[in-house]
Amino acid sequence: MKYVIMFTSTPELDAAVPPERAQEVYGRVYEWFTEHDAKITDSGAELQPTTTATTVRHGAEGPVLVDGPFTEAREAVGGFSVIDVADLDEALALAKSWPMLDLPGTSVEVRPMVTDYSQFE
């Protein structure tokens, strides 16, 4: 079963992590991707900071561009990957092993992907 795992963090808390600690954890992230390569079906992507984002949202006269992300959440999605595992339990076990979870304000959101579009016909 395919899932998207989204890696989130809280920018203010990220900024408070000492550089040497961040570098150590980031090294373990590289190892994590290498270790779980067989389950990751895409190359994944690390995203630029939210300050570089532009959002297109609904407006009364049509789409409207908004600087930055338009979200009510304190967390920001920093990257994502698509995984192919047996079931939700395996997806959650993989998410729990994410090295960045050692840092405060970090989380991994796990969502099943829609793979059968026949339900929408």
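Brief remarks follow.
- Some residue of the range 72-82 being outside any loop (DSSP other than H, G, I, E, B), surrounded by fewer than 12 Cβ atoms within 10 Å (Cβ to Cβ) and among the β-branched types (V, I, T): no
- Only residues that are part of a helix (DSSP H, G or I) and surrounded by 11 or more Cβ atoms within 10 Å (Cβ to Cβ) were counted in the range 9-22, giving 5.
- Any hit, the range 108-115, residues being outside any strand (DSSP E or B), more than 13 Å from the chain's Cα centre (by Cα) and free of Cβ contacts under 8 Å to residues at least 60 places away in the same chain: yes
- Within the range 32-59, the residues that satisfy the criterion of being assigned to a helix (DSSP H, G or I) and within 19 Å of V85 (Cβ to Cβ) are W32, F33, T34, E35, D37, A38, K39.
All of the numbers you see were taken from the coordinates with simple rules; none came from a lab. Note that the structure is predicted; figures quoted are calculated from it, not measured. Here the Cβ is made from the backbone with ideal geometry for all residues, glycine too, and neighbour counts use every protein chain on show.
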